[in-house]
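Below: one structure, written as structure tokens.
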Amino acid sequence: MSDQRDNDQGEVDEGDTGQVESEVIERLRQTLGASSASRVLSVIRSQMVPLIAHQEYLRS
């Protein structure tokens, strides 16, 4: 994965998230196989909405 971090905290520009997501998905498939990668991705995606909502709550 190319290094697109902006600072030492490992944050990524929002514009880079699509490329980063594609690279993560590809690595998951290579590591786990397609069916396991699909299950992992569905769990991650199901947790993203609550995580983003909580992050927005903390910012306010």
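The values are calculated or read from the model by the stated rules, or taken from the named source; none is laboratory data. Just so it is clear, the model here is predicted, and its values are computed rather than measured. In this analysis, Cβ positions are derived from the backbone assuming ideal geometry, glycine residues included, and neighbour counts consider all displayed protein chains.
When both residues are 6+ apart or on different chains and their Cβ atoms are under 7 Å apart, which pairs have a first residue that lies in segment 40-53 and is under 20 Å from GLU26 (Cα atoms), and a second that is of a type in the set (A, V, I, L, M) and surrounded by 10 or more Cβ atoms within 10 Å (Cβ to Cβ)? From residues that are under 20 Å from GLU26 (Cα atoms), the pairs are VAL40/LEU28; VAL40/LEU32; LEU41/ILE25; LEU41/LEU28.
Scanning segment 1-30 for residues that are among the polar types (S, T, N, Q) and at pLDDT below 90 turns up SER2, GLN4, ASN7, GLN9, THR17, GLN19, SER22. Filtering segment 17-38 to residues that are surrounded by 11 or more Cβ atoms within 10 Å (Cβ to Cβ) and not small (Gly, Ala, Ser) leaves THR17, GLN19, VAL20, GLU21, GLU23, VAL24, ILE25, GLU26, ARG27, LEU28, ARG29, LEU32.
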